[in-house]
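> Handing you this structure, nothing more for now.
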Amino acid sequence: METVFFKMGTEETLDEKYVRKAGNCLKQGGLVAFPTETVYGLGADALNEKAAEKIYAAKGRPSDNPLIVHIADMASIEKIVRDFPEKARKLAKDFWPGPLTMILNKKEIVPKSTTGGLETVAVRMPDHPLALKVIKAAGGYVAAPSANTSGRPSPTLARHVLEDMNGKIDMILDGGEVGIGIESTIVDMSVEPPMILRPGYITEEMLEQSIGEVLTDPALLFLPEEKAPKAPGMKYKHYAPKGEMKIVEGSGGCVVEAINNFVANELENNKKVGIIATDETYSCYPKGLVKSIGSRSDDKTIARNLYAVLREFDEAGIESIYSESFQDGSMGQAIMNRLLKAASHNVIDAEQAELGGI
Ligand code: TXA
Ligand code: MG
């Protein structure tokens, strides 16, 4: 299959033409990738069983991992959910369009391939003008997982989508770099109190300010083998770069010193080593391929660059990656959740390493 790649934003009439083309393609059961405010999505008509099935094949995604249905206006919700509780309504009012996905009880019309056979459906209204236009042009319901090959970092640029999906999907709409860079917060509204299944830009505190008590899936706080997470997709090794990744924890100076020691060691063994640093520490690493992921004074920059940096290490053929750790800041939990998965929970204590323990 030839994948049409179109760069939006050069001429308005051309943009409109490609939105129409994308809409028609989706209506006919095709696959179209488009930007959202979080990451690029790989869209299919969410109410068309066969179309949604194609997503799993293109991504190499396990079929028990359900998709998120993207809508473009509030009126669309009624057709796909059995009930829309008061708290869900409040969250929609406060955070939609935006990086929040809600799990709700589904109606019959949502096919099995979209929900992986579950009785619930994940719904989100993205905050991106192009995404909203494409969803409308497609008839209102677009199932869209992140547009990466399963197990690879999510795409934050159209180029990343092309790398993974060229020849496998009908169309890619290039709308430039995404704003947030990590996937939406998922909150299960089919249980009481509601429960966060995936951390993201919208934090537990933000949700609690809107609707009161919200819990976090305990599995997010444990090692993957200790507890099965409630969002099926959270159990898979995800977001993985090709090199072996380790996260080094501890106080600032200690982390830098420990990473430099590890890097020296790897270089002696002729390994290609990468370092995930920050603007603040970038110049403290004299050896290895050093990349700043953003500034600790603004963790939104870290979220935005995370996946692109992992992909850049892949392109450079890096075999071993050492990353600083990021627990502080409002997005700290979401960032660490992705990093820990990329590192298969491989965490090193810098103080221990200093003592020669590792
Ligand atoms: O920001 C995002 O949410 C992006 C953009 C494209 O909108 N999409 C995205 O989709 O991240 P995906 O497929 O990569 O992640 C969907 C997650 C998976 O972990 C899946 O298991 C979970 O949502 N999920 C979907 N339906 C669910 C359901 N009914 N119950 C529990 N978890 C569900
Ligand atoms: Mg994904």
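The values are calculated or read from the model by the stated rules, or taken from the named source; none is laboratory data. Remember, it's a predicted structure, so these values are computed and weren't measured experimentally. Neighbour counts are summed over all protein chains in view; Cβ atoms, including those assigned to glycine, are modelled from backbone coordinates with ideal geometry. Note: areas computed on protein heavy atoms with side chains; ligands, DNA, RNA excluded. Shrake-Rupley method; radii C 1.70, N 1.55, O 1.52, S 1.80 Å.
> Counting other C-beta atoms within 10 Å, and keeping those with at most 16, which DSSP coil GluC sites (Glu not before Pro) do you find in the range 297-358?
Of the GluC sites (Glu not before Pro), the ones in loops of the range 297-358 whose Cβ has at most 16 other Cβ atoms within 10 Å are Glu319.
> With θ taken as phi - 60° and the coefficients 6.51, -1.76 and 1.60, list the Karplus ³J(HN,Hα) couplings across the range 334-343 in order, rounded to whole Hz; mark glycine and proline as x.
With the stated coefficients, the range 334-343 comes to 5, 5, 5, 4, 6, 5, 4, 5, 4, 9 Hz.
> Distance from the Cα centre of the range 104-148 to that of the range 25-54, in angstrom?
A separation of 8 Å, based on Cα centres.
> Starting from the 7 Å offset along Cα-to-Cβ, what nm value, one decimal, do you get for the label separation of Lys93 and Asn166?
In this crude spin-label approximation the distance works out to 4.9 nm.
> Here's something else I'd like to know. What value does the range 1-124 have for Rg/Rh, both radii from Cα atoms and Rh as Kirkwood defines it?
Here the Rg-to-Rh quotient is 0.98.
> To continue, here is another question. From the square roots a ≥ b ≥ c of the eigenvalues of the alpha-carbon gyration tensor of the range 109-173, which class results: rounded (a/c under 1.5), prolate (a/b over b/c), or oblate?
Oblate.
> Another question, then. What distance in nm separates the two pseudo spin-label positions at Met206 and Asp298, each 7 Å out from Cα along the beta-carbon direction?
1.6
> Also: When Rg is the radius of gyration of the Cα atoms in the range 18-67 and Rh is its Kirkwood radius, what does Rg/Rh come to?
With Rg and the Kirkwood Rh in hand, the quotient comes to 0.97.
> Whole number in Å², please: accessible area per residue of the range 74-210, 1.4 Å probe, ligands, DNA and RNA not counted.
Working: 4970 Å² over 137 residues.
With all protein chains present, the range 74-210 gives 36 Å² per residue.
> May I ask you to list the aspartates and glutamates whose Cα is less than 14 Å away from that of Lys287, ignoring any residue fewer than eight positions away on the same chain?
Hits, sequence-local ones excluded: Glu257, Glu266, Glu268.
> For the range 232-295 and the range 153-168, write down the distance between their C-alpha centroids in whole Å.
The range 232-295 and the range 153-168 have Cα centres separated by 24 Å.
> On a full-extension model of 0.36 nm per residue, what is the gain between Asn265 and Asp279, subtracting their alpha-carbon distance, rounded to one decimal in nm?
Working: separation 14, 0.36 × 14 = 5.04 nm, distance 2.42 nm.
Gain on stretching Asn265 to Asp279: 2.6 nm.
> Diagonalise the Cα gyration tensor of the range 63-137 and give the resulting equivalent ellipsoid semi-axes, square root of 5 times each eigenvalue, largest first, whole Å.
Each semi-axis is √(5λ); the values are 19, 15, 11 Å.
> Report the rotationally averaged projected area of the range 227-279 based on its alpha-carbon convex hull, in square nanometres.
It is 5.7 nm².
> Okay, helix-only estimate at 222 nm for the chain: each DSSP H run of n ≥ 4 adds -39500 (n - 2.57), divide by all residues, round to 500 deg cm²/dmol; what do you get?
On the way: 11 runs with 116 residues, N = 358.
Taken over the chain, the calculation gives -9500 deg cm²/dmol.
> For the chain, state what percent of all Cα-Cα pairs lands in each successive 20 Å bin, counting from 0 Å until the bin that includes the largest distance.
With 20 Å bins starting at 0, P(r) equals 30, 56, 14, 0.
> Report in % the part of the accessible area of the range 261-337 that belongs to carbon and sulfur, leaving out ligands and nucleic acids; probe 1.4 Å. Write out the running numbers ahead of the final one.
On the way: 1500 of 3380 Å².
Here it works out to 44 percent.
> Placing unit charges on C-beta atoms (Lys and Arg positive, Asp and Glu negative, everything else neutral), compute the dipole magnitude of the range 235-305 about its Cα centre in debye, rounded to 20.
Approximately 440 debye in magnitude.
> Let me see the P(r) profile for the range 54-213: every Cα-Cα distance counted, bins of 10 Å, each bin given as a percent of all pairs.
Pair shares across the bins are 10, 39, 38, 12, 1.
> Give the Cα extents of the range 202-358 along the principal axes, in whole Å, largest first.
On the principal axes, the range 202-358 reaches 53, 34, 32 Å in Cα extent.
> Keeping the other protein chains in place, figure out the carbon and sulfur percent of the accessible area of the range 71-137, with a 1.4 Å probe. Walk me through the numbers before you get to the answer.
Working: 1570 of 2890 Å².
Heavy-atom surface of the range 71-137 belonging to carbon and sulfur, 1.4 Å probe: 54 percent.
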